[in-house]
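Peer 1: Structure below; questions to follow.
The values are calculated or read from the model by the stated rules, or taken from the named source; none is laboratory data. All figures in this text were calculated on a predicted structure; none of them were measured in a lab. These accessible areas exclude ligands, DNA and RNA; they are computed on the full protein's heavy atoms, side chains included. Shrake-Rupley method; radii C 1.70, N 1.55, O 1.52, S 1.80 Å.
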Amino acid sequence: MHNYQDIDVGEAQSGVLTIKLNRPEAYNALRTQLLKELAHALDQANDDDAIKAVVITGSDTVFAAGADIKEMASLDAVGVMNDPRPSYWRRITLFPKPIVAAVNGFALGGGCELVMHCDIVIAGDNALFGQPEINLGIIPGAGGTQRLIRTIGKSMAMQLVLSGEFITAEKAQALGLISEVTIPERSLERAMELARKIATKPPIAVRLAKESLLKAYETTLESGLNLERKSFTLLAATQDRNEGIAAFMEKRKPNFTGK
Ligand code: CO8
């Protein structure tokens, strides 16, 4: 197991790897080191066939309070241009297995953007989401302006980004930013439960489903439907598809092998 400073990575259990953001002294601010470690842990998870899904979580009171403002303070325009962080974000974006987030407390700035990099989000009812960058004279820089508007629509995205106001978990759920609200004590277990369930599904179908769904963010309906059709066709060539259909016919549980 790799020795990380800013994150805790558990042993994979039932196909699920749990990554905990762990910089309590800085409200899990996403400094370069943390993002580098997160990208590394996800790369490792991608290479490990035993890992079928990942859960990302923070503490009971903070998911992540954004980019590390103290670290950011020392960067001028050239420093920002040469910043390695966008390449770490890119690796998180490209991670092909499902990521479920369990969010308690603050998910602000880059923390809210990290939430939007996750595929399913479960939040405790103490969670607060926001893009307060405007208060610092900057704007979201890890996809927030683009993903927020595609996820919650123009008026609400503008409200969050331009005013810096926070929204509650209940509101975030109503807007479709997250999928479920629980009591804070239950958010991680619920996220794990979902991840474990996904881990039992045929992995190639899960992967192609994620890819197809995410494509909807960035393409026309026609080319999205094309990708869906091609993926659907490709799945007809997998053993797991034959196994799934045979198991249904024979009224038994399927035994998926990832082939
Ligand atoms: N960066 C660094 N340290 C932080 C951050 C942060 N984002 N947030 C909190 N901390 C630290 C505080 O400095 C403090 O440490 P210390 O006691 O040593 O000074 C500790 O965490 C606790 O913070 P507070 O005392 O402020 O705690 P409160 O409970 O009073 O308030 C808040 C909690 C509301 C979360 C408050 O800390 C806050 O407003 N934090 C900043 C939130 C913010 O502005 N986030 C956006 C940051 S900018 C950004 O995310 C841009 C992303 C671009 C990514 C681009 C990649 C290339």
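Peer 1: Rounded to the nearest 10 Å², what accessible area does ARG252 show when all protein chains are kept and the probe is 1.4 Å?
Peer 2: Number for this one is 100 Å².
Peer 1: Still on this structure, I have one more. Could you tell me the accessible area of ASP48 in Å² (1.4 Å probe, neighbours in place), rounded to the nearest ten?
Peer 2: Ignoring ligands and nucleic acids, ASP48 comes out at about 60 Å².
Peer 1: Same structure, new question: Please give the Cα centre distance for the range 183-259 versus the range 47-105, rounded to the nearest Å.
Peer 2: A separation of 25 Å, based on Cα centres.
Peer 1: If you don't mind, another one. Provide TYR88, TYR217 ordered by accessible surface of protein heavy atoms (probe 1.4 Å), highest first.
Peer 2: Working: TYR88 25, TYR217 85 Å².
I get TYR217, TYR88, largest accessible area first.
Peer 1: Follow-up question, since we're still on this one. How far is helix 221-235 tilted, in degrees, relative to the longest principal axis of the Cα atoms in the chain, given as a value from 0 to 90 rounded to the nearest 10?
Peer 2: With rounding to tens, the tilt is 40 degrees.
Peer 1: Provide the percentage of antiparallel DSSP beta bridges, counting only those with both residues in the chain; round to the nearest 5.
Peer 2: The antiparallel fraction comes to roughly 25 percent.
Peer 1: For GLU25, GLU250, write out the residues from largest to smallest accessible area, computed with a 1.4 angstrom probe and no ligands counted.
Peer 2: GLU25, GLU250
Peer 1: Just reorder ASP60, ASP125, ASP240 by solvent-accessible area, largest first, 1.4 Å probe, all chains present.
Peer 2: ASP60, ASP125, ASP240
Peer 1: A further question follows. Let me know the shape class of the range 7-200, please: from the alpha-carbon gyration tensor, a ≥ b ≥ c as square roots of the eigenvalues, rounded when a/c is under 1.5, otherwise prolate if a/b is greater than b/c, or oblate.
Peer 2: Since a/c reaches 1.5 but b/c is at least a/b, the shape of the range 7-200 is classed as oblate.
Peer 1: Compute the angle between helix 184-199 and the longest alpha-carbon principal axis of the chain, please, reported from 0 to 90 degrees and rounded to the nearest 10.
Peer 2: 40
Peer 1: Further, regarding this structure: When the accessible area of the chain is split by element with a 1.4 Å probe, what percent falls to carbon and sulfur?
Peer 2: Here carbon and sulfur together make up 56 percent of the probe-accessible area.
Peer 1: What number comes out for accessible area per residue over the chain if the probe is 1.4 Å? Units Å², please.
Peer 2: Accessible surface, normalised per residue, equals 54 Å².
Peer 1: How tilted is helix 203-215 with respect to the longest principal axis of the chain? Cα atoms for both, answer in degrees (0 to 90, nearest 10).
Peer 2: Approximately 50 degrees, to the nearest 10.
Peer 1: Using only alpha carbon pairs under 8 Å that are at least six residues apart, calculate the relative contact order of the range 1-138 and give it in whole percent.
Peer 2: The normalised contact order for the range 1-138 reaches 24 percent.
Peer 1: Now for a separate question. 222 nm [θ] for the chain, helices only, -39500 (n - 2.57) per DSSP H run of 4+, per residue, to 500? Please list the in-between numbers first.
Peer 2: Numbers: 12 runs with 124 residues, N = 259.
Mean residue ellipticity, 222 nm, calculated: -14000 deg cm²/dmol.
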